[in-house]
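Undergrad: Sharing a structure with you now.
The values are calculated or read from the model by the stated rules, or taken from the named source; none is laboratory data. As the structure is a computational prediction, the values presented were derived from the model and not from experiment. Methodologically, a virtual Cβ is constructed for each residue, glycine included, from the backbone with ideal geometry; neighbour enumeration extends over all protein chains shown.
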Amino acid sequence: MDKLLNASVVPLKFRKNALLTGHIPYKSLASDPRISYTIYVPAEAYNQRHPDGAEPGPNKLPLLVSVHGTRRDVFNVYDLVPLAESTPCAVLLPLFPTGLDGPNDIDSYKLYQSKTVRPDLALLSMLDEVATRWPAIETDKIFLMGFSGGGQFSHRFLYLYPERLAAVSIGAPGRATSLDEDQNWPAGIKDAESVFGKAVNKELIKKVPIHLVVGDQDTEHHGGEDFWVWVKEYMSQPGGGEDGPQTIEQGRLKTIQDLQDSWKREGIESKLDIVPGVAHNARGVRSLVLDFLLPQIQKKLSS
């Protein structure tokens, strides 16, 4: 098997041509080639932290992970470049394609409920690959953001791996998992340890800076009532399968408010931004996400 090319063995002047700095093309994940990721590595900042022939300095380049929503939009690759260059930080974007668990599967990655893949372990594998290829990028603790389906992924990752998060921004999830120990996953966490082999540690969650964001117009029931009536009817038919869209019962504004309220009862603090005049739009709330994350990343850089 070919050895993963390590940026430290490539001279500074060749790293961009070797596709080790700048916008790195999507790469299949070695542990599951169905899943891929791209990464943006600011050349000047990375090269300062890992010059030729030297080990990484004590202050590695922070890593921001941005998880896509249901439509798998990839505009974050380009939208987050200015942040990566100016902060500086590296930016990683996973891609969990549809159809992982069947021809109609669109939701398994965000629910952590799949027959064939553990999306949480897939992200950890991505971090392992990044740590090997770019030793000067910090992968032990990451900054995580996600909107819509990415917001679902992000808050569930927070539950399972708070020790791996320097901060997290959770945007407009359509469905949320509560810290309810009387309900099974993904409604609650009663069986989380048996499902994931890892208990949910509320005390560690309390230590993570948490941001919640949603538009004040994000109140519509996704798809409308008629759509979900049809979905339930179709899925109940012979051959309807179990891998169709997961039911959403209410608007995202109410969902995220309920989530914050449930956390408050557990002693978990979070900052909620409700953005005026915005419906379900990732770019519409982006400035608030970056306003929260930027000081957190800068704090990491100066520590």
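Undergrad: Restricted to region 161-181, and to residues that are part of a loop (DSSP other than H, G, I, E, B) and without any contact (Cβ under 8 Å) to a residue 60 or more places away in the chain, which residue is surrounded by the fewest Cβ atoms within 10 Å (Cβ to Cβ)?
TA: Glu181
Undergrad: Could I ask something else about it? Name the single residue that is farthest from the chain's Cα centre (by Cα) among those in region 90-141 being among the β-branched types (Val, Ile, Thr) and more than 30 Å from Ile297 (Cα to Cα).
TA: Thr116
Undergrad: Name the pairs whose Cβ atoms lie under 7 Å apart, with the first residue in region 110-123 and of a type in the set (Phe, Trp, Tyr), the second assigned to a helix (DSSP H, G or I), and 6 or more positions between them or separate chains?
TA: What qualifies is Tyr112/Pro119; Tyr112/Asp120; Tyr112/Arg156.
Undergrad: Being in contact (Cβ under 8 Å) with a residue 24 or more places away in the chain and loosely packed, with under 14 Cβ neighbours inside 10 Å is the filter here, so list the residues in region 192-219 that pass it.
TA: Those that are in contact (Cβ under 8 Å) with a residue 24 or more places away in the chain and loosely packed, with under 14 Cβ neighbours inside 10 Å: Lys198, Lys207, Asp216.
Undergrad: Right, another one. Which condition number in (1) surrounded by 15 or more Cβ atoms within 10 Å (Cβ to Cβ); (2) of a type in the set (Gly, Ala, Ser); (3) assigned to a loop (DSSP other than H, G, I, E, B) is the one that Ala18 fails?
TA: (1)
Undergrad: Pick from Arg265, Arg286: which is among the charged types (D, E, K, R) and closer than 18 Å to Gly150 by Cα?
TA: It is Arg286.
Undergrad: Among the listed residues Gln217, Gln237, Gln250, identify the single one that is at pLDDT 95 or above, over 21 Å from the mean Cα position of the chain (by Cα) and not small (Gly, Ala, Ser).
TA: The unique qualifying residue is Gln217.
Undergrad: Could you tell me which numbered condition Val130 fails, if it satisfies all but one of (1) surrounded by fewer than 24 Cβ atoms within 10 Å (Cβ to Cβ); (2) in a loop (DSSP other than H, G, I, E, B); (3) in contact (Cβ under 8 Å) with a residue 24 or more places away in the chain?
TA: (2)
Undergrad: Which residues, counting only those in region 133-160, are of a type in the set (S, T, N, Q) and either part of a helix (DSSP H, G or I) or modelled with pLDDT under 95 (or both)?
TA: Result: Gln152, Ser154.
Undergrad: Tally time: how many residues in region 183-212 are assigned to a helix (DSSP H, G or I) and either within 21 Å of Ser169 (Cβ to Cβ) or touching a strand residue (DSSP E or B) at 6+ places or on another chain (Cβ under 9 Å) (or both)?
TA: The number of residues fulfilling the criteria is 3.
Undergrad: Scan (1) charged (D, E, K, R); (2) under 23 Å from Ile142 (Cα atoms); (3) part of a helix (DSSP H, G or I) for the single condition Lys264 breaks and write down its number.
TA: Unmet condition: (2).
Undergrad: For region 54-118, please list each of the helices (runs of 4 or more DSSP H) lying entirely inside it that holds at least 2 residues being surrounded by fewer than 21 Cβ atoms within 10 Å (Cβ to Cβ).
TA: Hits in region 54-118: 76-79, 81-86.
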